[in-house]
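Undergrad: Here it is, the structure, as structure tokens.
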Amino acid sequence: MADLTDNILPYWLDKMQDPRGGFYGRRDGEDNLVEDAPKGAILNGRLLWSFSAAYRVTGRDEYRVAAERAYRYITDYFVDKEYGGVYWSLNADGTPLDTKKQFYAIGFMIYGLSEYVRATGDEHALELAISLYRDIERHSRDLDRAGYIEAAQRDWSPIADMRLSEKDANAAKTMNTHLHIIEPYTNLYRVWPDEGLRNAIVDLMHVFLDIMEDPDTHHLGLFYTEDWERTDHEISYGHDIEASWLLMETAQVLGDPDLLAKTLAHTRAIANAALEGRRDEGSMIYEREVEANGNVRIDTDLHWWVQAEDVIGLVYLYKFHGVEEALPKAFHSWEYIKENLIDREEGEWHWSRKACGSINRADDKAGFWKCPYHNSRMCLEVFELLK
């Protein structure tokens with residue numbers, strides 16, 4: 001927990017609070033502030049989650065104040081008052097920049113809002129979280145073929161380019177978005193045990209365990225058509241290990257014995273598949289891809305978020321699957337993080353270590369995708385699981 005309270009969150013409190021409101025949108029890899037950087041919905045939803053969760057677990061008032069700051073900025077600027085949902089991004093002054101509706105981002109807003117409710121009991125935050133959940137159900141859910149489409153225009157009409165980022169395929173349905181819909185739905189169910197929400201979560205579990213999980217390799221597919229035809233040849237070890245514990249968490253929250261037993265078996269296999277990407281030094285590779293020409297491409301950067309999820313996944317293997325050797329492996333991975341990713345001079349974690357061993361300073365220290373969510377959650381999860 002010391003890394004959370006003495007390093008990660010102080011960085012965001014001391015360096016990222018924007019006097020214009022909310023939080024700045026970016027600090028680059030050299031830790032230089034970019035005051036006019038756009039502000040992303042994902043960053044802000046994750047900030048709300050991180051400070052809310054930290055307040056819920058520690059009771060420290062500065063985290064409650066920061067969570068309230070994030071919450072107010074989201075409600076004042078990110079929420080689309082005309083069509084519902086939230087904007088994908090804002091200009092630095094809070095005016096809308098990209099108004100598309102990316103359901104992944106709406107999911108993270110629900111995740112942050114529901115955690116804020118867990119921490120504070122705020123009824124207005126719960127109402128907003130429920131409203132955003134209904135937006136996803138109304139405009140993204142595919143009741144005929146199961147699952148959720150990726151994105152829409154501001155007014156919820158179809159959009160041609162549904163990509164989450166430039167590196168992603170333009171697919172109608174993706175594992176990543178489904179993972180970050182079941183995650184907030186599970187958290188929302190903790191504070192709002194609605195039967196329709198529960199049914200949606202159960203259907204999402206079916207998507208993961210019966211559609212996305214490869215029955216032979218136990219890796220999860222990444223990109224799909226609307227009819228669930230897989231379109232990729234990639235393995236994401238990072239997403240596999242993250243999914244292995246998030247799906248277990250969901251089954252535990254739902255409390256159905258049959259679903260829990262099924263999930264235990266499946267997530268053990270998914271976690272074991274993910275650990276194929278774990279290296280002897282305690283780090284985990286992000287992903288590998290078999291290209292059209294047959295060559296195998298491996299992302300040799302060791303990303304901050306993958307290492308954090310590896311630690312949680314290993315602790316889950318120890319705690320819920322009875323894999324005794326997983327716990328020392330988790331501590332070994334934590335040693336890798338401490339020695340290679342934590343920035344002890346400026347605070348927070350670096351984006352990654354390159355294959356040559358040098359720090360990656362080309363990617364952000366804080367930004368659209370670099371948030372205190374994976375590493376804060378690692379600290380909080382391990383603390384609560386092992387205390």
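The values are calculated or read from the model by the stated rules, or taken from the named source; none is laboratory data. Note that the coordinates shown come from a computational prediction; the quantities given were computed from them, not determined experimentally. Neighbour counts are summed over all protein chains in view; Cβ atoms, including those assigned to glycine, are modelled from backbone coordinates with ideal geometry. Heavy atoms of the whole protein, side chains included, go into the accessibility calculation; ligands, DNA and RNA do not. Shrake-Rupley method; radii C 1.70, N 1.55, O 1.52, S 1.80 Å.
Undergrad: How many residues are out of contact with any helix residue (DSSP H, G or I) (no Cβ under 8 Å at 6 or more places or on another chain) and part of a loop (DSSP other than H, G, I, E, B) when one looks only at segment 32-78?
TA: Of the residues in that region, 7 qualify.
Undergrad: Among the residues of segment 1-31, which ones are over 15 Å from residue 369 (Cβ atoms), of a type in the set (Ser, Thr, Tyr) and either in a strand (DSSP E or B) or open to solvent by 20 Å² or more (accessible area, probe 1.4 Å) (or both)?
TA: 5
Undergrad: Hey, can you tell me all the residues within segment 103-149 that are of a type in the set (S, T, N, Q) and farther than 17 Å from residue 198 by Cβ?
TA: Hits for segment 103-149 are 120, 131, 140.
Undergrad: Moving on. I'd like the residue in segment 85-101 that is assigned to a strand (DSSP E or B) and open to solvent by less than 10 Å² (accessible area, probe 1.4 Å) and, out of all such residues, is farthest from residue 17 (Cα to Cα).
TA: 101
Undergrad: Right, something else. Could you check segment 345-362 and list, in sequence order, the residues that are open to solvent by 40 Å² or more (accessible area, probe 1.4 Å), in a loop (DSSP other than H, G, I, E, B) and touching a residue at least 12 places away in the same chain (Cβ under 8 Å)?
TA: Of everything in segment 345-362, those that are open to solvent by 40 Å² or more (accessible area, probe 1.4 Å), in a loop (DSSP other than H, G, I, E, B) and touching a residue at least 12 places away in the same chain (Cβ under 8 Å) turn out to be 346, 351, 354, 355, 361, 362.
Undergrad: Could you tell me which of the residues 178, 139, 206 is within 16 Å of the chain's Cα centre (by Cα) and either open to solvent by less than 30 Å² (accessible area, probe 1.4 Å) or within 23 Å of residue 225 (Cβ to Cβ) (or both)?
TA: 178
Undergrad: Mind checking which residues of segment 211-229 are open to solvent by 80 Å² or more (accessible area, probe 1.4 Å) and farther than 21 Å from residue 160 by Cβ?
TA: 215, 216
Undergrad: Yes or no: residue 154 basic (Lys, Arg), surrounded by 15 or more Cβ atoms within 10 Å (Cβ to Cβ) and part of a loop (DSSP other than H, G, I, E, B)?
TA: yes
Undergrad: List pairs: first in segment 94-115 and more than 25 Å from residue 190 (Cβ to Cβ), second open to solvent by less than 10 Å² (accessible area, probe 1.4 Å) and basic (Lys, Arg), Cβ under 8 Å, 6+ apart or cross-chain?
TA: Between residues of segment 94-115 that are more than 25 Å from residue 190 (Cβ to Cβ) and residues that are open to solvent by less than 10 Å² (accessible area, probe 1.4 Å) and basic (Lys, Arg), the close pairs are 94/39.
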